[in-house]
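The values are calculated or read from the model by the stated rules, or taken from the named source; none is laboratory data. Note that the coordinates shown come from a computational prediction; the quantities given were computed from them, not determined experimentally. Cβ atoms come from the backbone with ideal geometry, glycine included; neighbour counts cover every protein chain shown. The protein model used for the area step is the full one, side chains on, heavy atoms only, and it has no ligands, DNA or RNA in it. Shrake-Rupley method; radii C 1.70, N 1.55, O 1.52, S 1.80 Å.
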Amino acid sequence: MTGYDAIILGAGAAGLMCAGVAGQRGRRVLLVDHADRVGKKILISGGGRCNFTNVDAGHDRYLSANPHFARSALGRYTAADFIALVDAHGIAWHEKTLGQLFCDGSARQIVDLLLDECARGPVTIACGKPVSDVAHDGAGFRVSIDGKAATAPKLVIATGGPSIPKMGATGFAYDLARQFGLKVVEPRPALVPLTLGGEDVLFRSLSGVAAEVVAKASKTAFREAALFTHRGLSGPAILQVSSYWRHGEAVGIDFLPDRAPGWLLAEKRANPRTTLRRALALPDRLAETLADRLGVAGNLADAPDRRLAQAEAQLRDWRFTPNGTEGFAKAEVTAGGIATAGLSQKTMAARDVFGLYAIGEAVDVTGWLGGYNFQWAWASGWAAAQDL
């Protein structure tokens, strides 16, 4: 190994994007990853078909201590820009729901696209090469890689967060950031299933049952499917609110988002001999459990109006208090990370360490479920590459 214009640590989505764009700008780039192959998280994403972007990827779909930080990069490299790149490579794709775009074929196509982009410039890829030391002498960076040294005036941290450690994910990015004086917002699992304890343990018996609901945590709500598991709650709606949930808080579930206020009393008038279980029109096991917990047995005609009004109110905002999450092992992404206060939102460069950059999941920018985090990887990688 010898001298380069830039060294990029991490060959995931953001690192590959950054390397390809910088390489095509004529920069000699070394892209390094301790994993044995590039893009391992890309390959397992979207059920193997890679939800590679979302057409609604505006900055308001991202969590960060600075909610406006992502605006610049996302505005300059948009979902339409990445779609154009996908089209240029002849990759067929489709929109599923809520603006989510997937490959018709497999996630391997996106990895191959990124590798093809890297091959169009002077990009050297070194996989299976652990980094043992990173030093900065004021003029540039010296990286010890598998016992050999590489130097460059610019260094990009693109090693992601600790979510899905079985894929080799670590907190290396945070250690490196702290080494150079950058602050780190406490990392936590995001887009992650929630676990239930206490009285809510009874709902674990519904493992495998799903229903479309509106889930709410803090002041943020999402309408998608919720899934009961043997440990608690999952499904898209729950994964979404998990990013906003804090330990000790409740998650509210509206099990019947399409029902108008007063529907249960109206049902009693129209069908007095029906039961709450039948009236709910939810999966049988879920309807039975909810009716039992509400204590409304027998025909609706036998229940006082006040009791039915109370039942309807609880069904509209059923409170679960999770006792935790399934942790980084099951989290799709990491919330928190390298603090944006120390970075330029235009170039992703560290304000106080010349030549140092941070991109992708390593940064305190976390998108919603549905292709948003990939779009942040593409946009932040592209933004940094313009400055390398």
May I ask you to rank Arg316, Arg269, Arg37 by accessible area, largest first, using a 1.4 Å probe over the protein chains only? Arg269, Arg37, Arg316
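Could you compute Rg(Cα) / (2.2 N^0.38 Å) for the chain, with N its residue count?
Values: Rg = 24.2 Å, N = 388, 2.2 N^0.38 = 21.2 Å.
Compactness ratio reported: 1.14.
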Please work out how much accessible surface Glu361 shows to a 1.4 Å probe, ignoring ligands, DNA and RNA, in Å² rounded to 10. 40
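Evaluate Rg over Rh across region 239-311, taking Cα atoms for both radii and Kirkwood's formula for Rh.
Values: Rg = 14.4 Å, Rh = 13.6 Å.
Over the Cα atoms of region 239-311, Rg/Rh equals 1.06.
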Spin-label model distance (nm) - Lys166 vs Asp81, 7 Å beyond Cα toward Cβ: 3.5
Compute a Gaussian network model of the chain, connecting alpha carbons closer than 10 Å, and tell me which residue from Leu182, Leu113, Leu264 fluctuates the most. Leu264
On the full set of protein chains, 1.4 Å probe, figure out the accessible area of Asp60 and give it in Å² to the nearest 10. 100
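Kindly sort Arg49, Arg319 by accessible area of their heavy atoms, largest first, with the probe set to 1.4 Å. The partial results should precede the final answer.
Working: Arg49 110, Arg319 140 Å².
The residues order as Arg319, Arg49, largest area first.
Which of rounded, prolate or oblate describes region 97-202 when judged by the alpha-carbon gyration tensor and an a/c cut-off of 1.5?
Working: a/c = 2.57, a/b = 1.35, b/c = 1.90.
Because a/c hits 1.5 or more and a/b fails to exceed b/c, region 97-202 counts as oblate.
Stretched out fully, how many nm does the piece from Thr274 to Asp305 gain, at 0.36 nm a residue minus the Cα gap?
Separation in residues times 0.36 nm, less the Cα-Cα distance, equals 9.7 nm.
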Anything over 29 Å Cα to Cα? Flag those among Lys154/Lys219; Lys96/Lys268; Lys148/Lys346; Lys166/Lys346; Lys41/Lys148; Lys216/Lys346, in the order listed. Lys154/Lys219; Lys96/Lys268; Lys148/Lys346; Lys166/Lys346; Lys216/Lys346
Sorted list, accessible surface of protein heavy atoms, 1.4 Å probe, largest first, for Lys166, Lys40, Lys330 is Lys166, Lys330, Lys40
How much accessible area per residue does region 1-105 have, counting only protein heavy atoms and a probe of 1.4 Å, in square angstrom? 40
So what J values fall out for region 310-326 if you push phi through Karplus, 6.51 cos²θ - 1.76 cosθ + 1.60 with θ = phi - 60°, rounded to Hz, Gly and Pro as x? 5, 5, 4, 4, 5, 5, 7, 8, 6, 9, 10, 10, x, 9, x, 10, 7
Could you check the simple spin-label distance between Arg293 and Arg223, using points 7 Å along Cα→Cβ, in nm with one decimal? 2.2
Computed [θ] at 222 nm, deg cm²/dmol, the chain (DSSP H ≥ 4; -39,500 (n - 2.57); rounded to nearest 500): -8000 deg cm²/dmol
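Multiply the residue separation of Asp284 and Ala149 by 0.36 nm, subtract the distance between their alpha-carbon atoms, and state the gained length in nm to one decimal. Intermediate values should be presented prior to the final figure.
Numbers: separation 135, 0.36 × 135 = 48.60 nm, distance 6.30 nm.
42.3 nm is the gain from fully extending Asp284 to Ala149.
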Residues of region 269-388: accessible area per residue at 1.4 Å, in Å²? 41
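Between Ala119 and Ile44, what is the FRET efficiency for a Förster distance of 30 Å, r being their Cβ-Cβ separation, to the nearest 0.05? Mind showing how you got there, number by number?
On the way: r = 23 Å, r/R0 = 0.78.
After rounding, the FRET efficiency stands at 0.80.
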Can you give the local net charge around Asp5? Use residues other than it whose beta-carbon is closer than 12 angstrom to its beta-carbon, Lys and Arg +1, Asp and Glu -1. +3
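Taking all protein chains as present, what is the carbon and sulfur share of the accessible area of the chain, in % to the nearest whole number, probe 1.4 Å? Spell out each step's value before the answer.
Values: 8130 of 16240 Å².
Ligands and nucleic acids excluded, carbon and sulfur reach 50 percent.
Counting Lys and Arg as +1 and Asp and Glu as -1, what is the net charge of the other residues whose Cβ lies under 11 Å from the Cβ of Ser218? Kindly include the intermediate steps, with their values, before the conclusion.
Values: positive: Lys216, Lys219, Arg246; negative: Glu249.
Residues near Ser218 contribute +2 overall.
Please state the shape class of region 1-113: rounded when a/c is under 1.5, otherwise prolate if a/b exceeds b/c and oblate if not, all from the C-alpha gyration tensor.
Values: a/c = 1.74, a/b = 1.26, b/c = 1.38.
Cα axes put region 1-113 in the oblate bin.
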Grab the Cα-Cα distance for Lys96 and Ala250, subtract it from 0.36 nm times how many residues apart they are, and report the gain in nm with one decimal. 52.4 nm
